[in-house]
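Inspection log for the structure reproduced underneath, given as structure tokens.
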Amino acid sequence: MTRAKSVAIYERQIKDIMSRDVVALSASDTVHEALGMMGENRVSALPVVDNQNHCIGILSTSDLVDMTRDVDDDLYHLDLVDPTSRRFLLEKLSHSLGTEPVQSYMSETVTTVTADTTIGKATREMLRNRVHHLPVVDHKDHLIGIVSTLDILSEFADASPD
């Protein structure tokens, strides 16, 4: 890749590569609903918005992995209780699994960018914050899109001379 082409990619704006048809959750949606939406839309993260479409969080597959660790801990502790308590706790766990609100597991600290943010700056934000998705907001902080590491990698791949 020539230096001029490389600089041009870094200076391009997020609005050129972001996904505009964003599927979002509300904080009260259940984990089960979120999993269904992720599967249907083939995405690994969903922004969480309030009633005014402000991004208040993000739920990613990493957050769901953390949830399974909590379940694993609960199951480990079941071995330490008597059989009656164990049966009661298993029943309670099976009924509540997936019915918790997204708010219980979402990341509340969300790094966002605007549509005119450069690809270079967005990439630095992803690296600095160790995230793979950045919700894109307008000047009133309304969710208007999302950009992922795959979107950025695709840009570099398309610009490659090979």
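The values are calculated or read from the model by the stated rules, or taken from the named source; none is laboratory data. Every value quoted in this text rests on a predicted model; they were computed, and no experiment measured them. Positions of Cβ are backbone-derived with ideal geometry, glycine not excepted, and every protein chain shown enters the neighbour counts.
Restricting attention to the stretch 130-158, the residues that are more than 23 Å from residue 26 (Cα to Cα) and touching a Ser or Thr at 6+ places or on another chain (Cβ under 8 Å) add up to 2.
Here is a yes/no grid of residues against (1) part of a helix (DSSP H, G or I); (2) modelled with pLDDT of 95 or more:
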| site | (1), (2) |
| --- | --- |
| 94 | yes, no |
| 98 | no, no |
| 103 | yes, no |
| 109 | no, no |
| 122 | yes, yes |
| 128 | yes, yes |
| 134 | no, yes |
| 146 | no, yes |
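Determine whether residue 62 is modelled with pLDDT under 90 and either closer than 22 Å to residue 132 by Cβ or surrounded by 12 or more Cβ atoms within 10 Å (Cβ to Cβ) (or both). So residue 62 passes the test.
Restricting attention to the stretch 135-162 and to residues that are without any contact (Cβ under 8 Å) to a residue 60 or more places away in the chain and not acidic (Asp, Glu), the residue that is farthest from residue 55 (Cα to Cα) turns out to be 157. Take the residues of the stretch 17-36 that are in contact (Cβ under 8 Å) with a residue 12 or more places away in the chain and under 17 Å from residue 145 (Cβ atoms): which is surrounded by the fewest Cβ atoms within 10 Å (Cβ to Cβ)? Checking each candidate, the answer is 20.
Tallying residues that are in contact with an Asp or Glu (Cβ under 7 Å, 6 or more places away or on another chain) and without any contact (Cβ under 8 Å) to a residue 40 or more places away in the chain within the stretch 99-133 yields 1.
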